[in-house]
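Here's the structure, in structure tokens; my notes come after.
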Amino acid sequence: MGEVGNTSTFNISYTNFFLVGFPGLRDWRLLLVLPLTFLYMTIISANALVIHTVVAQRSLHQPMYLLIALLLAVNICAATAVVPKMLEGFVHYANPISLRGCLAQMFFIYFTLLLDYNLLLAMALDRYMAICHPLRYSDLMTSRLLGVLAFLALARSLGVAVPLVVLTSQAQFCRTAVIRHFTCEYIALLSIACGDLTFNNRLGLAMRLVTVTFDLALLGTSYTHIIYAAFRISSGGARAKALHTCGSHLLVILTIYLSGLSTSIVFRVAKTVSQDVQNLLSAIYLLLPGALNPVIYGVRTREIRQHVEKMLCGKELAQDIREKPKRLQNMRVKGKLPG
């Protein structure tokens, strides 16, 4: 405590740091470079494939698919903000980074995370209009409204990320130059700051609680109405399609929010958990959506899946795969195959 007091007295504040993400894996870190690189390339290629499919196919130029493409583009940006520096940390045990670089990384991490949340809200609104007001959907969900939703998502993300970064930049970092994390997260930076950090801690917690509570309330209300309206659809096929589409969105929502909730609980409650475990949960929270979202939307969304099959397998093979069940059924009807 005396050392911290002395550094605080002389007003010393570090402007260069060392990221030490997984101290317990010091002897194994080089072995993790290859799988992490493979994961990063998989995230980039899988998300890019679905984005290219949506952009290239005019039939997919609809609000729902465009929002999916935007969400996957954010996944690429989020992974790029985290993984390259994380890879450097596996090559160099103490990974150097400047204060400006740290604040820039922190901004992109929280900006992309918040943009994820906001795009999920826009997608919930789109599904609400499509299922609860199907006859007015094309009149309500216009390109103009889509642009307004994208602008609001950007503004809201900036409105939360910028104050956090500005407030952090004004702190004095006098405890140590070592950040025990693989990225410059808000909590990790505050852990090496000195002085009265009550306002910083309360602001960070308040912003997270308000954002998550508000988003979950809107999402819960929206999907409650959507599911209720879907069960009232008389056509069984239309009802199944509506529930299937909403199921994909709900799966993505659960992935993002549950991983974030588990990370927050561990950081703030489970003080006995090792640093490696805390950082691993943080890595899962930051990278899991980018790895799962293209799989969820690429496999569960029939229109996207069909176009991806055409691109990867060739048009004739994809058509043959889709028509094979029909041919088999026709053969059964004609008595050429056993039922």
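Quick check on Leu135: is it within 22 Å of Leu250 (Cα to Cα) and open to solvent by 20 Å² or more (accessible area, probe 1.4 Å)?
Numbers: within 22 Å of Leu250 (Cα to Cα): no; open to solvent by 20 Å² or more (accessible area, probe 1.4 Å): yes.
Spelling it out, it is not the case that Leu135 is within 22 Å of Leu250 (Cα to Cα) and open to solvent by 20 Å² or more (accessible area, probe 1.4 Å).
Here are Leu39, Leu71, Leu67: which of them is under 30 Å from Ser248 (Cα atoms) and open to solvent by 30 Å² or more (accessible area, probe 1.4 Å)?
Working: Leu71 fails: open to solvent by 30 Å² or more (accessible area, probe 1.4 Å); Leu67 fails: open to solvent by 30 Å² or more (accessible area, probe 1.4 Å).
So the residue among Leu39, Leu71, Leu67 that is under 30 Å from Ser248 (Cα atoms) and open to solvent by 30 Å² or more (accessible area, probe 1.4 Å) is Leu39.
Looking at the structure I just gave you, is Val91 in contact (Cβ under 8 Å) with a residue 12 or more places away in the chain, surrounded by fewer than 16 Cβ atoms within 10 Å (Cβ to Cβ) and of a type in the set (A, V, I, L, M)? Full working, then the answer.
Values: in contact (Cβ under 8 Å) with a residue 12 or more places away in the chain: yes; surrounded by fewer than 16 Cβ atoms within 10 Å (Cβ to Cβ): yes; of a type in the set (A, V, I, L, M): yes.
Criteria met by Val91.
Considering only helices (runs of 4 or more DSSP H) fully contained in the range 103-197, which possess at least 3 residues that are closer than 19 Å to Val82 by Cα and in contact with a Phe, Trp or Tyr (Cβ under 7 Å, 6 or more places away or on another chain)? Lay out the reasoning, then the answer.
Numbers: elements: 137-140, 143-169, 186-190.
Passing ranges, in order: 143-169.
It is to be established whether one or more residues within the range 165-182 are basic (Lys, Arg) and closer than 27 Å to Val210 by Cβ.
The first filter runs over the range 165-182 and keeps only residues basic (Lys, Arg), leaving 175, 180.
Checking which are closer than 27 Å to Val210 by Cβ leaves us with none.
No: the range 165-182 contains no residue that is basic (Lys, Arg) and closer than 27 Å to Val210 by Cβ.
Condition check ((1) part of a helix (DSSP H, G or I); (2) polar (S, T, N, Q); (3) at pLDDT 80 or above; (4) closer than 30 Å to Met129 by Cα) across all residues:
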{"position": "Gly247", "(1), (2), (3), (4)": "yes, no, yes, yes"}
{"position": "Thr272", "(1), (2), (3), (4)": "no, yes, no, no"}
{"position": "Gln278", "(1), (2), (3), (4)": "yes, yes, yes, no"}
{"position": "Pro325", "(1), (2), (3), (4)": "yes, no, no, no"}
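Looking for whichever is over 30 Å from Pro23 (Cβ atoms) and surrounded by fewer than 16 Cβ atoms within 10 Å (Cβ to Cβ) here; the options are Val273, Val277, Val295, Val252. Which one fits? Please lay out each step first, then the result.
On the way: Val273 fails: over 30 Å from Pro23 (Cβ atoms); Val277 fails: over 30 Å from Pro23 (Cβ atoms); Val252 fails: surrounded by fewer than 16 Cβ atoms within 10 Å (Cβ to Cβ).
That would be Val295, the only listed residue that is over 30 Å from Pro23 (Cβ atoms) and surrounded by fewer than 16 Cβ atoms within 10 Å (Cβ to Cβ).
Which numbered condition in (1) of a type in the set (A, V, I, L, M, F, W, C); (2) at pLDDT 90 or above; (3) within 30 Å of Gly89 (Cβ to Cβ) is the only one that Leu149 fails?
The number of the failed condition is (3).
From Thr142, Thr198, which residue is open to solvent by 40 Å² or more (accessible area, probe 1.4 Å), of a type in the set (S, T, N, Q) and modelled with pLDDT under 85?
Thr198
The values are calculated or read from the model by the stated rules, or taken from the named source; none is laboratory data. If you're wondering where the values come from, they're calculated on a predicted model, not measured in any experiment. All Cβ positions, even for glycine, are placed from backbone atoms using ideal geometry, and neighbour counts span all protein chains on display. Surface accessibility is based on the protein's heavy atoms, side chains included, excluding ligands, DNA and RNA. Shrake-Rupley method; radii C 1.70, N 1.55, O 1.52, S 1.80 Å.
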